[in-house]
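The structure under discussion appears below in the form of structure tokens.
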Amino acid sequence: MTHCTCGSARPERKCCGPILAGKKLAETPEALVRARFTAFARGDLEFLVASCHPKTVCRFDPEVNRSWAEQSEFHGLEIVACRPGAAADSAIVEFRAAFTSDGMRRQHHEISEFRRVDGRWTFYDGKRPGD
Ligand SMILES: [Zn+2]
């Protein structure tokens with residue numbers, strides 16, 4: 001059994017696969033973080049754009065992210081913490097994503113806010129811890 005690209009213990013068909021294929025909605029903000037990580041690994045910019053919040057999607061530059069994704073190798077995702085956000089239908093997820101770019105293994109540590117729009121979780125905004 002091969003584990004999902006996101007680094008979960010589940011196979012991709014029971015994890016990010018159906019979400020990226022549009023067959024299933026991400027049921028939790030954590031599931032969406034995982035699906036977005038796998039989308040980066042696959043270079044699926046369409047999914048990344050589609051899963052942004054309508055208000056903040058303009059801040060996501062598909063071309064910049066595409067070239068970064070193509071030049072990087074993605075190793076896995078670690079969910080550090082999940083908690084409800086300040087507003088209703090909002091959640092905060094802290095995660096670390098491991099990847100290699102420019103021949104160096106790096107870690108992206110981010111605290112992201114997710115908001116639910118019409119029953120669907122979307123990525124609202126992200127910041128580095130301490131920003
Ligand atoms: Zn996954």
> Given the rule -39500 (n - 2.57) for each run of at least 4 DSSP H residues, summed and divided by the residues of the chain, what is its mean residue ellipticity at 222 nm, to the nearest 500 deg cm²/dmol?
Replying inline: -7500 deg cm²/dmol
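If you filter the stretch 1-72 for GluC sites (Glu not before Pro), then keep DSSP loop positions with at most 16 other Cβ within 10 Å, what is left? Before the final figure, lay out the partial values.
Details: sites: GLU12, GLU27, GLU30, GLU46, GLU63, GLU70; in loops: GLU27.
Those that pass, being in a loop and sparsely packed, are GLU27.
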> Which of the lysines could a cross-linker bridge to LYS23, judged by Cα under 21 Å and excluding same-chain residues fewer than eight apart?
Replying inline: LYS14
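Looking at the stretch 1-58, what % of the alpha carbon pairs are farther apart than 15 Å?
Numbers: 726 of 1653 pairs.
The calculated P(r) of the stretch 1-58 puts 44 percent of pairs beyond 15 Å.
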> Out of residues 5 or more away from ARG10 or on other chains, whose amide H comes under 5 Å of its own, with H placed 1.01 Å from N in the peptide plane?
Replying inline: CYS4
> Of GLY17, GLY103, GLY85, which has the largest mean-square fluctuation in a 10 Å C-alpha GNM of the chain?
Replying inline: GLY103
> Which aspartates and glutamates does LYS127 reach when only Cα atoms under 14 Å apart count, and residues fewer than 8 places away in its own chain are ignored?
Replying inline: GLU94, GLU110, GLU113
> Looking at ALA98, ALA88, LEU45, which one has the Cα that reaches farthest to the positive end of the dipole of the stretch 12-127 (charges on Cβ: Lys, Arg +1; Asp, Glu -1)?
Replying inline: ALA88
> Comparing ALA31, ALA98, ALA86, which has the greatest mean-square fluctuation in the GNM of the chain with Cα pairs linked when under 10 Å apart?
Replying inline: ALA86
>> Please list, in order along the stretch 51-66, the HN-Hα scalar couplings obtained from phi with the Karplus expression 6.51 cos²θ - 1.76 cosθ + 1.60 (θ = phi - 60°), rounded to whole Hz, x for Gly and Pro.
In response: 9, 7, 5, x, 6, 10, 4, 5, 7, 8, 9, x, 5, 4, 5, 5
> In the stretch 1-73, what trypsin sites (Lys or Arg not before Pro) fall in a loop by DSSP, with at most 14 other Cβ atoms inside 10 Å?
Replying inline: LYS23, LYS24, LYS55
>> Just to confirm my numbers, what's the Cα centroid distance between the stretch 50-80 and the stretch 112-131 in Å?
In response: 13 Å
> Any idea what the dipole of the chain comes to, in debye rounded to 20, about its Cα centre with Lys/Arg Cβ at +1 and Asp/Glu Cβ at -1?
Replying inline: 340 debye
> When the distances between all Cα atoms of the stretch 12-127 are binned every 5 Å from zero, what whole-number percent does each bin get?
Replying inline: 2, 12, 22, 26, 23, 11, 3, 1, 0
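Bear in mind that the values in this text are calculations on the coordinates, not laboratory data. Just so it is clear, the model here is predicted, and its values are computed rather than measured. With ideal geometry, Cβ positions are generated from the backbone for all residues, glycine too; neighbour counts draw on all protein chains shown.
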